[in-house]
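Please read the structure below before turning to the comments.
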């Protein structure tokens with residue numbers, strides 16, 4: 001696993017934990033290139049300021065508890081930490097090396113290719129950080145609008161990279177990890193509403209902060225609180241059983257035993273944030289401000305990406 005923090009960007013003196021053997025030689029050039037791109041691309045300046053200010057880490061992880069192997073990236077809203085899936089990256093890296101690309105160049109290519117996902121995930125953190133400052137309390141409420149805003153931000157980064165290195169996206173250099181961005185851009189070419197509808201379908205289980213009524217939003221928030229409370233209760237019961245009878249008699253694995261303290265602490269932090277979120281959504285005036293904020297964020301990013309639309313001749 002590789003770990004990125006803003007300190008790496010400033011002095012490249014940050015020491016990551018031991019990387020998994022398969023990824024180790026790719027790790028540093030991948031992180032260095034990702035940092036350099038975040039710092040200088042026109043569309044990522046706000047995201048980069050957020051990373052610097054809040055010291056948001058980026059970790060290449062093979063832990064399925066952090067990011068599923070079918071997903072390139074995930075943002076942990078509780079610990080404010082981005083995870084990029086090592087399994088996906090190493091698969092693409094090995095394919096490039098098999099074609100004769102050096103490990104360093106392969107890592108740099110993967111940093112370019114995965115940056116839209118990094119920006120997408122950082123945008124989730126940035127938007128929720130803005131809400132936290134606006135409301136005066138932490139906020140976690142993944143919504144359709146969150147994803148629409150994040151896809152717009154990732155696409156803007158992609159356009160900046162198209163301008164600089166279009167050859168990386170020539171037909172012969174496309175990778176499997178480019179597929180999602182390809183679908184997003186095809187939808188956008190048909191029109192902004194088509195793209196937003198595409199995202200709605202991808203995340204049809206997500207509530208809409210703009211379209212759903214107050215009662216539904218509060219119900220979703222309360223269900224999330226109840227779910228995490230139940231998870232905490234189950235973990236505490238498992239710990240009591242282990243303390244009383246030992247892990248074997250309690251029917252838990254050694255891995256579960258090792259991971260339980262961290263998992264319990266994470267869930268307890270999540271519960272506090274989700275309780276604050278529910279309280280924000282239960283206040284009509286706060287919800288009105290929240291809806292106006294998301295409309296404004298969505299409109300601003302839609303306008304920026306629409307400004308990149310090719311002129312018809």
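Since every read-out is calculated from the coordinates, none of them should be taken as a lab result. Here the structure is a predicted model, which means the values were calculated and not measured. Using ideal geometry, Cβ is built from the backbone for each residue, glycine included, and neighbour counts are taken over all protein chains shown.
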Quick calc: nm separation of the 7 Å Cα→Cβ label points for residue 171 and residue 22 -> 3.1
The exposure ranking of 156, 58, fewest beta-carbon neighbours within 10 Å first, is 156, 58
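Would you calculate a helix-derived [θ] at 222 nm for the chain, using -39,500 (n - 2.57) for each DSSP H run of n ≥ 4 and dividing by the full residue count, to the nearest 500? If you can, show how the numbers build up before the last one.
Working: 12 runs with 211 residues, N = 313.
Value at 222 nm, helices only, nearest 500: -22500 deg cm²/dmol.
Can you give me the relative contact order of the chain as a percent, contacts being Cα pairs under 8 Å and 6 or more apart?
Values: 364 pairs, mean separation 51.7, N = 313.
Result for the chain is 17 percent.
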Whole-Å distance linking the alpha carbon centroid of region 24-70 with that of region 85-121 is 13
Taking R0 as 35 Å and r as the Cβ-Cβ distance between residue 292 and residue 163, the FRET efficiency 1/(1 + (r/R0)^6), rounded to the nearest 0.05, comes to 0.60
Note on the chain: alpha-carbon gyration tensor, axes a ≥ b ≥ c; rule is a/c under 1.5 for rounded, else prolate if a/b larger than b/c, else oblate; result oblate
Per-residue Cβ contact counts at 10 Å, fewest first, order 170, 143 as 170, 143
